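Visitor: Dumping the structure here so I can ask a few things about it.
The values are calculated or read from the model by the stated rules, or taken from the named source; none is laboratory data. Everything quoted here is computed from the prediction, not taken from an experiment. No Cβ is skipped: glycine too gets one built from the backbone with ideal geometry, and neighbour counts run over all protein chains shown.
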Amino acid sequence: MEEEKQRALLFHVWMLDDYAELLQWLQEETVTHADFSRMKGKVEDANVPEEVKELHYRMIERLARVQGKLENLSWMSEHLKILHDLQQTFTQTFDKERIYQKAFELVSRVMDVDAFFIAFYRKGEENIYIPFAIDNGIRYESWTIPFGQGIVSEVLKTGRSIHIHAGAKQERKEEICWGNPAQDTKTLIFVPMVLRGKMKGVITAQSYREFAYKKEHEELLRIIGTQVASAIENTELYERMMELAIKDELTGLKNRRAFQVDLHDKIRQANLRGEPLSLLMIDSDNLKEINDTYGHHAGDLLLHRVAESINYCLGPREEAYRYAGDEFIVLALGADGETARKKAKAMQQHLRLYPPVINKMKIPASLSIGIDTYPVSAKNAEELKKHADQALYVSKKLRNAVTLYER
């Protein structure tokens, strides 16, 4: 009996050293489940009474529960940091690519992610749009997949997450991930992106490791997916507002506000490249007569046809604007005065061939155009516009004319 007590005492002392080491690892957050298994094995093999073993089993279990709570606290802390970083990024940008990239970076911080993509779907459409996908370190171009079949469609239809490990994946027998040709992903999680009760898409993460994801990972993906959907919706709203701010509703051309911004940018580009920049100021010769004769609806039709004729003749480095009323402007980067004159003639010719049609009757229409070229005869943006306006004044006296500004 005395020998048994001695062995138990020595074992207690021996285990105290292990407990001290384990507590240090807990503090450093380096302890693993294997460490607890190793300690249980040491107790199992010890030559001590069962009540002594039971005492240490309980101690190890308590320490394991402490470890679990610490892991949860660490996860919650990292979770909150991720959401804070996400919110910071999403409130500071309307760049979709940056939003997608940030979502991937933050998911990768707390999850083992070898493949990741975000998919969007609008109810009633035939295809699911995937704007962002990374697999095995490779960023893929955006593409679409048919709606109605496959895992992504299943999540969209049911609104439920799908969590698949290697065995379940084999049972499904579907190509639902890419992976490395030599090593396929083994754990997959597909989570719906829901915003204000409406299904917006699916966010998915995949890993080469088996059983890589827990319920907490699914919840994190759900929250991040909602944040991404909200950020993209805000970005698209911003893009629509910006488009309305710089686009003329009647003709679809850019408006005066956009011209003021673009003019200085084109001047800068012309300076950098050592190229000319021609400004064509264009005015309809017939708007008042058509309005008075046929009504304002016909006048709108004329403006629309003028815009079509201008657009038809534009090159890839040229931009058209509805400046005011029936006045239009074209900025032609790289075009000298003669090139701009030929372009102006082409616009007149196109409108002559395709005039507005009212009550099945073609209504003759013509354009007066004035041109100036930077830096040939204008030193800055203000002079360029002023000289083109002066040239237009000459053309309007003649009607259906093209005039190049001369000093």
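Visitor: Any idea which of L301, L367, L353, L333 is touching a Pro at 6+ places or on another chain (Cβ under 6 Å), assigned by TED's automatic domain parsing to the domain that holds Q269 and not hydroxyl-bearing (S, T, Y)?
Guide: Exactly one of L301, L367, L353, L333 is touching a Pro at 6+ places or on another chain (Cβ under 6 Å), assigned by TED's automatic domain parsing to the domain that holds Q269 and not hydroxyl-bearing (S, T, Y), namely L301.
Visitor: Given the conditions (1) over 30 Å from E243 (Cβ atoms); (2) modelled with pLDDT of 70 or more, which single one is not true for Q92?
Guide: Unmet for Q92, out of (1) over 30 Å from E243 (Cβ atoms); (2) modelled with pLDDT of 70 or more: (1).
Visitor: Mind counting the residues in segment 228-252 that are surrounded by fewer than 12 Cβ atoms within 10 Å (Cβ to Cβ) and on the phi > 0 side of the Ramachandran plot?
Guide: Within segment 228-252, residues that are surrounded by fewer than 12 Cβ atoms within 10 Å (Cβ to Cβ) and on the phi > 0 side of the Ramachandran plot number 0.
Visitor: For segment 349-407, which residues satisfy the criterion of being basic (K, R) and within 45 Å of the chain's Cα centre (by Cα)?
Guide: Pass one, segment 349-407, residues basic (K, R): 352, 360, 362, 379, 385-386, 396-397, 399, 407.
The answer is R352, K379, K385, K386.
Visitor: Could you list, ordered by first residue, the pairs with Cβ atoms under 8 Å in which the first is in segment 340-353 and crowded, with 19+ Cβ neighbours inside 10 Å and the second is among the basic types (K, R) and assigned to a helix (DSSP H, G or I), at least 6 apart or interchain?
Guide: L351/R305
Visitor: Here's a follow-up. Assuming K102 fulfils every condition listed in (1) at pLDDT 90 or above; (2) crowded, with 18+ Cβ neighbours inside 10 Å; (3) basic (K, R) apart from one, which condition is it?
Guide: Of the numbered conditions (1) at pLDDT 90 or above; (2) crowded, with 18+ Cβ neighbours inside 10 Å; (3) basic (K, R), the odd one out for K102 is (1).
Visitor: Within segment 358-367, work out how many residues are in contact (Cβ under 8 Å) with a residue 24 or more places away in the chain and out of contact with any Asp or Glu (no Cβ under 6 Å at 6 or more places or on another chain).
Guide: Going through segment 358-367 one residue at a time, the tally reaches 5.
Visitor: So for segment 205-219 (the condition being within 25 Å of the chain's Cα centre (by Cα), surrounded by 12 or more Cβ atoms within 10 Å (Cβ to Cβ), in the same structural domain as P356 (by TED's automatic domain parsing) and not aromatic (F, W, Y)), does at least one residue qualify?
Guide: no
Visitor: For segment 365-385, name all the residues that are closer than 11 Å to L277 by Cβ, surrounded by 20 or more Cβ atoms within 10 Å (Cβ to Cβ) and not aliphatic (A, V, I, L, M).
Guide: Correct list: D372, T373, Y374.
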